[in-house]
Number of protein chains: 2
Amino acid sequence: MAQNARLRCLGILILCVSLYPVMTTAQQPALNLMPLPANVQSGAGSLKVDSTFSMAFTGYNEPRLERAGERFLRQLARQTGLSLALKPSKSAKATFVIQTDHASKEIQEVGEDESYILDVSTASARLRASTPLGAMHGLQTFLQLVDVSPDGFSAPAVTIQDKPRFPWRGLMMDSARHFIPLEVIRRNLDGMEAVKMNVFHWHLSENQGFRAESKKFPKLHESGSDALYYTQDEIRELIAYARDRGIRVVPEFDMPGHSTAWFVGHPELASGKGPYEIERRWGIFDPAMDPTSEKVYKFLDDFIGEMARIFPDHYFHIGGDEVNGKEWDANPKIQAYMKAHEIKNNQALQAYFSGRVQKLVTKHGKTVVGWDEVLVEGVPKDIVIQSWRGQASLAQAAKQGYRGILSNGYYLDLGWPAARHYAVDPMSGDAANLSTEEKQRILGGESCMWAEYVSPENVDSRIWPRNAAIAERLWSPQEVRDPASMYARLDFVSARLEWLGLTHRTVSRYMLQRLAGSASSAEFAALRTLADVVEPVKDYTREQTAPAEPTSATPMNRVVDAVPLESDVGRRFGELVDQFVASACHDPATEARLRAQLTAWRDNDAILQPLAERSFLVKEVAANSRDLSALGTMGLAALDAIAKAQPASDLWKAQQLTIIEQAKKPKAQLLLIPVPAVQKLIEAAATGACSAPKPQA
Amino acid sequence: MAQNARLRCLGILILCVSLYPVMTTAQQPALNLMPLPANVQSGAGSLKVDSTFSMAFTGYNEPRLERAGERFLRQLARQTGLSLALKPSKSAKATFVIQTDHASKEIQEVGEDESYILDVSTASARLRASTPLGAMHGLQTFLQLVDVSPDGFSAPAVTIQDKPRFPWRGLMMDSARHFIPLEVIRRNLDGMEAVKMNVFHWHLSENQGFRAESKKFPKLHESGSDALYYTQDEIRELIAYARDRGIRVVPEFDMPGHSTAWFVGHPELASGKGPYEIERRWGIFDPAMDPTSEKVYKFLDDFIGEMARIFPDHYFHIGGDEVNGKEWDANPKIQAYMKAHEIKNNQALQAYFSGRVQKLVTKHGKTVVGWDEVLVEGVPKDIVIQSWRGQASLAQAAKQGYRGILSNGYYLDLGWPAARHYAVDPMSGDAANLSTEEKQRILGGESCMWAEYVSPENVDSRIWPRNAAIAERLWSPQEVRDPASMYARLDFVSARLEWLGLTHRTVSRYMLQRLAGSASSAEFAALRTLADVVEPVKDYTREQTAPAEPTSATPMNRVVDAVPLESDVGRRFGELVDQFVASACHDPATEARLRAQLTAWRDNDAILQPLAERSFLVKEVAANSRDLSALGTMGLAALDAIAKAQPASDLWKAQQLTIIEQAKKPKAQLLLIPVPAVQKLIEAAATGACSAPKPQA
């Protein structure tokens, strides 16, 4: 029976994808592919994947493909538990034959052919691609297709024609504010490969750290990194690792601001007097390079030259964001220079700086990428604008002839739910009205993992699984945008990502164990029940609500650091309440599920409180726990009132809403996610909406 | 309040440990130490562990200690989430000062001083040890002391005087039947260090694989390993890694039997005609070395010489177990030799072989270790017997003047609960009656992880946490033997062990995810509910109940491979039922908990069945799921009958017990652990034991 159902679903999927309608919840695809391919046509039956499975490359081949083949086989063995031959075969009779037409560019270019066609029949599978890039994407799609079935592991018969919507699909990791070890970056590159992202933007310098070894100017990393930096060999290895996965590496050295760490060893670059120390706090700080000093440009010429030889990518990111100008204002020499050269304000001074640096970057054979601020009058048209300001800014740049990538809306550190990132489209808003030519200047987007509040321990959980939704936004057709479908697939893909070594799911339990110490299993379960329904405060409120000024040495061992940025339990409870209210509260099965959940919440605090007495880190969330208990009590009261089939009194409603308002306030920098859903139940109990007598069962 | 309670508990602990009474559940120590130290005296208050924490070595120092210090600081940072200075300090004013008297032996010896004294006060901590071995043990004890508290992380004020009961506390890993990658072995060495085990016995050759590189005889590993072997450099690195953790590495090359893999490249060593292939099945096989061939001894002389130079330990394990003699019987040349030399049977022939090999081992400066079989008349007294046969065999050896280590009772692959291993004492049975001198010949024991049914993926979960209970048996005073205390501490230590990189807890969820494919969260929860209460069949019944003959290529991706070898939920349910019946069924709180658990089980099957339709690996446990559901129904019926306060009818009881008998049968090679507890409820309902009227609440 399940198989028939699956075939019916597949039929729906073809419609969904090939005609690009918006999918509804009822039409969730049975294929757990993320990103969804451009075109999927289902066949009948499935290809068995057992220990006889083999794969071979035909046509063009190269060591990178062989390695991708071995990685594919290892991953397939891991996700099935089968004893597979772990080397690609040489036989054209292999179960899975991958034909590649020709090499890709020696240095991966923006807009290279990444397309592939994947044919799975009941007898074999065949993947065709122009270049290794497409072949590697197709291998990932095949891995996602393989799942357990009634008869063994198998991949459904299907024909997939796929190519990306945008050529630039990136993840930025800030390994400057908190140093991120290479093994953590590597596993995130594995995750990027799995969801077909192709740009790793490496934010390498900041006020808080200079993380790349410079042999020309060793004081940069020696004085500016607390000995936490990447050697040039390590950087080269990481670039090779990324290239093996079809991923470009774009380095960012942020200037003229965000650069305190440079000045610890090289105060002569700064506009202030110094001496400088590595910054330990977060925020925007005064130190900035001196745009009026020829020594600075000589230094940057040498430095950019050195880095340009290490990083082969054609693009080089110079940052350029958030200069407050205070050091410039305070420096008489700079003021005199501005007067002498008719530079009328700090913005113009920065434009002058950007222009000079841009020439240096060009001289060393690279194209500049910079944040919005670098786009000022007269900047050459070949630079790429990375927009943290939004689609309007991006569209404006495109109109002026600049290429751009969107990051506004994709800041992973803001703690938005996946659906909110997913709804952000580089081509929406002002961009939707661009001409075809202008639209082509919008190259794609990048998610950004700024690192004030991430540690090597929890960074995976701040990136994943939400980053997979952004990856889909940048790869799949624009019309693929149903959040219910996205969440259903995300859940599956999220579990698969942990097989690559990512720890986004597991780490939460580890960190809660640390908080819980020698908790009993019941106490630990209660802590998890609470942790399951809270999320860290959003946007930039973490600074504002911090108990003490946070620094780079602040321990990240609190509940706010341990819980995922998006609560699955909270989201599902909200959906359940919506469903219940939509049924005019007449669905006994849903009501029973709500009651069970609310009862567990109500009773949770009593179990957790003794643990809060023993652990200061649990104590911190004692108020959240009481709020959750109150939510349970109120939700149950609302269901009782609804069951009476008469609107509850205004007084009751007012009392409940007072408690709701209290529960809405962040505590311990955490939000209690089910609050709005319980509020809906209270309002449903108080209005006539749910007051009709129930049908007798 | 919690603090006072803790102090009272500490008081009890001192009594427990210093007077060695058997601890009862009510006297569980508040200190989660495993193994429990020889002597613990609690002080008042605790030492705060915050980001100012520092540690320094005074007295004797060496690079190994510095590395141990760095490892300690990294681990402390990991388990607290604090930003600590990660290098040992040079200041005698450090929070934690470790004073070591002198170096340990260049090659670690059996019976070296491993003692330490650890003093923790509210102001500082001090560790004193004769040698780095004791210092390293003390560091591990300190790590176990640090926990979350009401005011932050802290270690309780305490004075611990500690030393091991036995000098030989080992874990044997068989990386021959299934190859175990070095990274997996390394993390298990980390686990051994945490629980103060000091011998890694490395089973390197078997019928199924020859895993050590030989430069003298490269065909051994080239033909005998499927390219899965350790290079000599890797072996040297692993030995250094172990020495860094106070662990000796004893290699085992099993001969004359268990040696098919040698013969693939070197058939001339065998007693049969050959050719030989790597064995893929499990069991005892015919191939054996030819004890009558001088070429064999010449070969072994060279081979043992080569290995003796790589493995510095004073001991060298030659296996010697389970020769069936069939190749000897079938070889006329061997038969003629036996006649000519008056060797009267195969046992005598093996004794002759062992004697010759023992001389070779001695020639290369090592002492022989062998399984029981090597102990035959005339064998020199300096060999060490590893007993898989039991304490009687060990005691007999000791009486004859041989040293021995116990492994019978410590076979981790048999799937026993931790408490059963824990109850096995090397000094019990016949050994208890030995003289003091004879007793000293019993050096300790080794847990054994035979690898027919382990993969690199799940091997951690087959070793841990149960191995920690064996480690305690071998370290702590004989009188420390309360299983309730052991389980309480084991639960804590088990969680801590995962911080070292061990995956024994996490892997089960991963493997169940694989089985479950795209299960809904409710279905997956139902699968976990079932998985939580089943255990693989015990002892050697896995072979007997296998659906098809298992080989080394059989996938280990089934539920039987995914679930832990001991069910915590099952054990706790059993305890709860015992508690309920002991209360004459008059404890309403316990009854409510039992009802909740039984109801969940009863309803679980309905949720799981749809998943069983979609996954062949879940389908395999459909009958177990139905049994669990039946257990729930029966248990609830028993509670209902008990509530009526009249003995249930004989007919009812007979009907239930028929179902119980059915549920006791292994299915899919799994046992349903709560069966006996539910049977107790049924019997309680049917007898008068629980039929007295309940007191009114």
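The sum of -39500 (n - 2.57) across all DSSP H runs of n ≥ 4, divided by the residue count of the protein assembly as shown, sets its helix-only mean residue ellipticity at 222 nm to -13500 deg cm²/dmol. Each label point was placed 7 Å from the Cα along the Cα-to-Cβ direction; for A:THR551 and B:ALA553 their separation is 6.1 nm. Looking at the stretch A:291-378, the GluC sites (Glu not before Pro) that sit in a DSSP loop and have at most 11 other Cβ atoms within 10 Å of their own Cβ are A:GLU342, A:GLU377.
To check you understand DSSP bridge types, tell me what percent of the beta bridges within chain A (both residues inside) are antiparallel, rounded to 5. Counting DSSP beta bridges with both partners in chain A, the antiparallel share is about 40 percent. Treating each Cα of the stretch A:452-511 as one equal point scatterer and applying the Debye formula with no solvent, the log10 of I(q)/I(0) at q = 0.20, 0.22, 0.24, 0.27 Å⁻¹ comes out as -0.78, -0.89, -0.98, -1.11. Summing charges over all other residues whose Cβ lies under 12 Å from the Cβ of A:VAL120, with Lys and Arg as +1 and Asp and Glu as -1, gives +1.
Our coupling estimate for the stretch A:490-506, obtained by passing each phi through the Karplus curve with A = 6.51, B = -1.76, C = 1.60 and θ = phi - 60°, is 4, 4, 5, 5, 4, 5, 4, 4, 5, 5, 7, x, 5, 10, 4, 8, 5 Hz, Gly and Pro reported as x. If R0 equals 25 Å, the separation of the Cβ atoms of A:SER51 and B:GLU237 corresponds to a calculated FRET efficiency of about 0.15. With a cut-off of 19 Å on the backbone N, the residues of the stretch A:574-608 near the modelled label site 7 Å out from A:ALA645 along Cα-Cβ are A:581-592.
Applying both filters, DSSP loop and at most 15 other Cβ atoms within 10 Å, to the trypsin sites (Lys or Arg not before Pro) of the stretch B:232-297 gives B:LYS273, B:ARG280. Inter-label distance, B:GLN440 to B:THR658: 6.6 nm, where each label sits 7 Å from its Cα along the C-beta direction. Taking amide hydrogens as placed 1.01 Å from N in the peptide plane, the amide H of B:ALA212 sits under 5 Å from those of B:TYR230, each at least 5 positions away in sequence or on another chain. Separation of the stretch A:420-453 and the stretch B:235-306, taken as the distance between their Cα centroids, equals 63 angstrom.
In this assembly of identical copies, the label point of B:ALA643 (Cα plus 7 Å along Cα-to-Cβ) is separated from its counterparts by 1.7 nm, sorted shortest first.
Taking amide H positions as modeled 1.01 Å from N, with prolines and chain starts lacking one, the residues under 5 Å from B:ARG248 and 5 or more places away or on another chain are B:VAL199, B:PHE200.
Viscosity 1.567 mPa s, temperature 4 °C: Stokes-Einstein D of chain A from its Kirkwood Cα radius, in µm² per second? After rounding, the answer is 47 µm²/s.
Put a plus charge on the Cβ of each Lys and Arg, a minus charge on the Cβ of each Asp and Glu, and nothing anywhere else: the dipole of the stretch B:192-313 about its Cα centre is then about 160 debye. Label-point spacing at B:GLY59 relative to the other copies reads 7.0 nm, in ascending order, each point sitting 7 Å out from Cα along Cα→Cβ. What is the Cα centroid distance between the stretch A:55-115 and the stretch A:579-593, reported in whole angstrom? Between the Cα centres of the stretch A:55-115 and the stretch A:579-593 lies a distance of 50 Å. Considering only beta bridges that DSSP places wholly inside the protein assembly as shown, some 40 percent are antiparallel.
DSSP bridge analysis restricted to the stretch B:309-452 gives an antiparallel fraction near 0%, rounded to the nearest 5.
A:ARG126 contributes about 100 Å² of solvent-accessible surface, heavy atoms of the protein only, 1.4 Å probe. Taking the charge dipole of the protein assembly as shown about its Cα centre, with +1 at Lys and Arg Cβ atoms and -1 at Asp and Glu Cβ atoms, the residue from B:GLY274, A:ALA553, B:TYR410 reaching farthest to the positive side is B:TYR410. Between chain B and chain A, the total buried accessible area stands at approximately 3300 Å², from heavy atoms with a 1.4 Å probe.
For the stretch B:194-258, the Kirkwood estimate of hydrodynamic radius, built from reciprocal distances between every pair of different alpha carbons, is 12.7 Å.
Measuring only protein heavy atoms, the 1.4 Å probe finds B:ASP568 accessible over about 60 Å².
Taken along the Cα-to-beta-carbon direction at a fixed 7 Å, the label points for B:LYS381 and B:SER124 span 4.9 nm. With a Förster radius of 51 Å applied to the C-beta separation of B:LYS339 and B:GLN41, the computed FRET efficiency comes to 0.15. Between B:ASP430 and B:ASN324, full extension at 0.36 nm per residue minus the direct alpha carbon distance yields a gain of 35.3 nm. Solvent-accessible area per residue in the protein assembly as shown equals 37 Å², computed with a 1.4 angstrom probe and all protein chains kept.
Rounded to the nearest whole Hz, the Karplus-based 3J(HN,Hα) values (6.51 cos²θ - 1.76 cosθ + 1.60, θ = phi - 60°) of the stretch A:237-248 follow the sequence 5, 5, 4, 5, 4, 5, 4, 4, 10, x, 10, 7, with x at glycine and proline. Selection among A:HIS317, A:ALA240, A:PRO291 by position relative to the dipole of the stretch A:238-392 gives A:ALA240 as farthest towards the positive end (Cβ unit charges, Cα centre). Length available on full extension from B:LYS363 to B:LYS216: 0.36 nm per residue minus the Cα-Cα distance, which gives 51.1 nm. Over all other residues within a Cβ to Cβ distance under 10 Å of A:LEU672, the charged ones net out to +1, with Lys and Arg as +1 and Asp and Glu as -1.
Chain A comes nearest to the axis taking it onto chain B at the Cβ of one residue; that residue and its distance, in whole Å, are A:THR506, 3. Solvent-accessible area of chain A (1.4 angstrom probe, protein heavy atoms only): carbon and sulfur portion equals 54 percent. Per residue of A:599-608, other chain Cβ atoms within 10 Å of the residue Cβ number 0 on average. As a size descriptor, the averaged projected area of the C-alpha convex hull of the stretch A:555-594 was calculated at 3.2 nm². In this structure, the amide hydrogen of B:THR367, modeled 1.01 Å from its nitrogen in the peptide plane, lies closer than 5 angstrom to those of B:TYR315, B:PHE316, counting only residues at least 5 positions away or on a different chain. Projecting the Cα atoms of A:ALA525, A:GLY378, A:MET34 onto the charge dipole of chain A, computed from C-beta unit charges around the Cα centre, puts A:MET34 farthest toward the positive end. Here the average projected area of the convex hull drawn through the C-alpha atoms of the stretch A:458-589 stands at 11.8 nm².
Average projected area of the Cα convex hull of the protein assembly as shown, in nm²?
Projected area, direction-averaged: 57.1 nm².
For the stretch B:641-649, backbone phi angles converted through the Karplus equation (6.51, -1.76, 1.60; θ = phi - 60°) give residue-by-residue couplings of 5, 4, 5, 6, 6, 9, x, 6, 6 Hz, Gly and Pro being listed as x. Compared with the alpha-carbon gap, the fully stretched path from B:THR599 to B:THR541 is longer by 17.7 nm at 0.36 nm per residue. Under the combined filter of DSSP loop state and at most 10 neighbouring Cβ atoms within 10 Å, the stretch A:80-155 retains these GluC sites (Glu not before Pro): A:GLU106. Ranked from shortest, the separations from the 7 Å Cα-to-Cβ label point of B:ASP539 to its equivalents in the other copies are 6.8 nm. This model, with +1 at the C-beta of Lys and Arg and -1 at the C-beta of Asp and Glu, gives the protein assembly as shown a dipole about its Cα centre of some 520 debye.
The values are calculated or read from the model by the stated rules, or taken from the named source; none is laboratory data. As the structure is a prediction and not an experimental result, all values here were calculated from the model. Positions of Cβ are generated from backbone atoms using ideal geometry, with glycine treated the same way; all protein chains shown enter the neighbour counts. Side chains are part of the model used for accessible areas, which takes the heavy atoms of the whole protein and leaves out ligands, DNA and RNA. Shrake-Rupley method; radii C 1.70, N 1.55, O 1.52, S 1.80 Å.
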